[in-house]
Amino acid sequence: MECQAKDLKVVTNGKTLLQNISFKIPSGSFVAIIGPNGAGKTTLLKSLAGLLTFTGNFIINGKPSLGLLKDKKRVPFSYTPQNFSIPAGMTLGEYIMLGRASRSNWFFGESQRDYDAVNVALERLKLFPKAKELVTNLSGGEMQRATLARALAQEADFLLLDEPTASLDFARTIDFLQLIDLLRKQLGLTVLLSTHDINSIIRFADYALVLKKGKNIHSGNLNSILQKNFLSDLYETKLDSIKDKIGYPIFYAKNHHNQTSPNSKKMTLLESND
Amino acid sequence: MDKVFTLPKTALLICIFLVVLSGISSICLGAAPIPPIESLKYLFDFFLGQNQNPRINEIDRIIILEWRLPRFVLGFLVGASLAIAGAGFQGVFKNPLADPFLLGSAAGAGLGATLVIVTSVNLSFGFVDSIQVGAFIGAMGAVLCAATISASAGRTPASLLLAGVATAAFLTACQTYIMQRNFLSIQEIFGWLIGRLLTSGWTEVLTLTPYFLICFTLIYVFSKELDLLRLSEDESKSLGGNPTRTYIVVITCSTLVTAVAVSLSGLIAFIGLVIPHIIRLTVSSSYRVIIPLSALGGGAFLSLADTFSRTIIAPGELPIGVITAFLGAPFFAFLLRLSRGAI
């Protein structure tokens, strides 16, 4: 589903958190929302999810979006915050079934349709064998997949993920992003994911929304922002880059004292260890 | 995947068995020398429309039908009310220490009852006596006071909780002062404070039943929302929950049913805190299981405790709050030891 924002503005308690946000995202895109701390990434995701009130227009497939909670029959967005709860005593199956909460019957509970959706989500995320385990016993990576399974169980068209890889190591980060990309392609989802990890996201995302101080300073093809001058201005620090074997750039902050690259720094550390 | 959030049949059957057991023991046992089997037979005959039992005289009939039976039903309703209110508060405030008296209703009810006892003011209307009316007004007044203070401090669950603590501390201080100035009434006041079930026929049962049914239904309907509240507020909202509506409905229902229950039974502590935890530790942590099983378990537990309280030193009676804590605390401590961080 294609979505388009025109002049979105978010004001909370008299403070303007976001303004002049305009973008157009093609259906099925993998969108990286990037920007320094306090740029408004979380605010933007929450606004799109309907958790914060905004002014301006947000249009999905030519129709104004009613937000997350207004249309119970078809949930357009699934939002996963960066700091999700891990409730004590709750099994993984129960946790993922909460993704069906807005659809299941208030008094009589879940239908077979709800169980089917949860089973499919568990299978896709390879979590089915752990359905009866307590979520408190899952590893960080499994828990991150569990939040994704819960999002899939909502059967939404858009996945809104707020820094989902912030607590994952290098390998789990790449695995997780790969998984999101695979699901996006298989299910035709549009993914909007905020992150600080530019070096990882450039392998998967195809579109970038760049925020700074509550404003959208750039939106477009991800490759268009992969320039060290642009990113240095964005993060207000000197950045440099090298290329990996495949050709993806790897950005790093320059050491202000001796202007060395990561490789020479590594060498220095190794030498000192000897 | 197996069914989730559904009532496990075994746990449900055990709770129903406990209710039946508590009912039979409550009706068959007591200070009056009626053979337990005859009591039970008479009750079955009565429900089948056959009132002819030569071994049961008119006095026995009154003891069984107008005293023991309503006392069992009242005990069940009070226990069930306190347990669902405790579960509701624990869900809304995400606090394992939450109990039905969290927002000051116990302190308010205690002050109301104390004032009525020491001043001998007549507040009775209909079949409801003055102490019950005073306790109800005190409980509702205390919670409204806490809600008013909370409203000026941001209307968050945390501010309501703290306002409840402040209100309870103030009202308890007032009550202590009044008791200290009226020491001749202390025994009567303590007798009420520690809780007891005294019935005058079916009046108290008919008073509590509609409140219990309405509040139980509403809290159960919102149990799915209570499960969502176990997540963060943003997650809850993003999954279709409405935390504000849940706070209002569950807190209102829990407060109302607690106020009516304590006005009839006095301050029976422990049940509202512990029964939901026992269900949580032994059956499920989902409120869709905790709420109905707490109602059955709390009702059965209080009825059994009441039978103990009036038979153990018959014809005298022990305060029921002593029995609930004396029997429940060791069992709960044992479960807590097994839980290993599950609460």
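The values are calculated or read from the model by the stated rules, or taken from the named source; none is laboratory data. Keep in mind the model is a prediction, meaning the values are calculated, not measured. No Cβ is skipped: glycine too gets one built from the backbone with ideal geometry, and neighbour counts run over all protein chains shown.
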*Any helices (runs of 4 or more DSSP H) falling wholly within the stretch A:70-167 and containing at least 2 residues that are at pLDDT below 90 and more than 10 Å from chain B (Cβ to nearest Cβ)*: A:112-124, A:140-153
*asked:* One residue is enough: does the stretch B:140-148 have a residue meeting the conditions over 20 Å from the mean Cα position of the chain (by Cα), touching a residue at least 60 places away in the same chain (Cβ under 8 Å), under 30 Å from B:Thr244 (Cα atoms) and part of a helix (DSSP H, G or I)?
replied: no
*What number of residues within the stretch A:106-157 are surrounded by fewer than 19 Cβ atoms within 10 Å (Cβ to Cβ) and β-branched (Val, Ile, Thr)?*
2
*Looking at B:Gly86, B:Gly79, B:Gly91, B:Gly112, which is the one that is over 30 Å from B:Leu21 (Cβ atoms) and part of a helix (DSSP H, G or I)?*
B:Gly112
*Go through B:Leu160, B:Leu197, B:Leu171 for me and flag whichever is crowded, with 16+ Cβ neighbours inside 10 Å, of a type outside the set (Ser, Thr, Tyr) and not in a helix (DSSP H, G or I).*
B:Leu197
_Considering only residues that are modelled with pLDDT of 85 or more and small (Gly, Ala, Ser), which ones fall in the stretch B:266-275?_
B:Gly272
_Selection from the stretch A:186-209 of residues that are touching a Phe, Trp or Tyr at 6+ places or on another chain (Cβ under 9 Å) and either without any contact (Cβ under 8 Å) to a residue 24 or more places away in the chain or more than 18 Å from A:Ala166 (Cα to Cα) (or both)_ = A:Leu189, A:Thr190, A:Asp206, A:Tyr207, A:Leu209
*asked:* With the structure loaded, tell me whether A:Leu160 is buried (at least 22 other Cβ atoms within 10 Å of the Cβ) and in contact with a strand residue (DSSP E or B) (Cβ under 7 Å, 6 or more places away or on another chain) or whether it fails that test.
replied: yes
_Six or more apart or on different chains, Cβ atoms under 8 Å: show the pairs whose first residue is in the stretch B:189-215 and free of Cβ contacts under 8 Å to residues at least 24 places away in the same chain and whose second is buried (at least 21 other Cβ atoms within 10 Å of the Cβ)._
none
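Would you check which residues across the stretch B:311-329 are part of a helix (DSSP H, G or I) and closer than 23 Å to B:Ala106 by Cβ and list them?
B:Ile320, B:Gly321, B:Val322, B:Ile323, B:Thr324, B:Ala325, B:Phe326, B:Leu327, B:Gly328, B:Ala329
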*Number of the exception - A:Ile242 against (1) within 22 Å of the chain's Cα centre (by Cα); (2) assigned to a strand (DSSP E or B)*: (1)
*Which is closer than 30 Å to B:Tyr247 by Cα, in contact with a Pro (Cβ under 9 Å, 6 or more places away or on another chain) and in contact (Cβ under 8 Å) with a residue 12 or more places away in the chain, of B:Leu74, B:Leu29, B:Leu82?*
B:Leu82
*asked:* Kindly evaluate B:Ala314 against the criterion of being touching a residue at least 24 places away in the same chain (Cβ under 8 Å) and in contact with a Phe, Trp or Tyr (Cβ under 8 Å, 6 or more places away or on another chain).
replied: no
_Contact list please: Cβ distance under 6 Å, first residue in the stretch A:113-137 and touching a residue at least 24 places away in the same chain (Cβ under 8 Å), second residue in a helix (DSSP H, G or I) and surrounded by fewer than 20 Cβ atoms within 10 Å (Cβ to Cβ), pairs at least six apart or on different chains._
A:Leu122/A:Phe128
*Looking at (1) within 14 Å of chain A (Cβ to nearest Cβ); (2) within 25 Å of A:Ser104 (Cβ to Cβ); (3) part of a helix (DSSP H, G or I); (4) at pLDDT below 90, which is the one condition that is false for B:Leu281?*
(2)
*Only one of these is buried (at least 18 other Cβ atoms within 10 Å of the Cβ), at pLDDT below 80, in contact with a helix residue (DSSP H, G or I) (Cβ under 8 Å, 6 or more places away or on another chain) and more than 14 Å from chain A (Cβ to nearest Cβ): B:Ile64, B:Ile34. Name it.*
B:Ile34
_On the basis of being part of a helix (DSSP H, G or I) and not polar (S, T, N, Q), does B:Gly154 make the cut?_
no
*asked:* Conditions first: (1) more than 27 Å from B:Leu218 (Cβ to Cβ); (2) in a helix (DSSP H, G or I). B:Ile291 passes all but one, so which condition is the exception?
replied: (1)
*Look through the stretch B:1-29, keep the residues that are out of contact with any Lys or Arg (no Cβ under 6 Å at 6 or more places or on another chain) and either part of a loop (DSSP other than H, G, I, E, B) or within 14 Å of chain A (Cβ to nearest Cβ) (or both), and return whichever of them is surrounded by the fewest Cβ atoms within 10 Å (Cβ to Cβ).*
B:Asp2
*Looking only at the stretch B:231-246, which residues are surrounded by 21 or more Cβ atoms within 10 Å (Cβ to Cβ) and either more than 7 Å from chain A (Cβ to nearest Cβ) or over 15 Å from A:Arg100 (Cα atoms) (or both)?*
B:Asp234, B:Ser236, B:Thr246
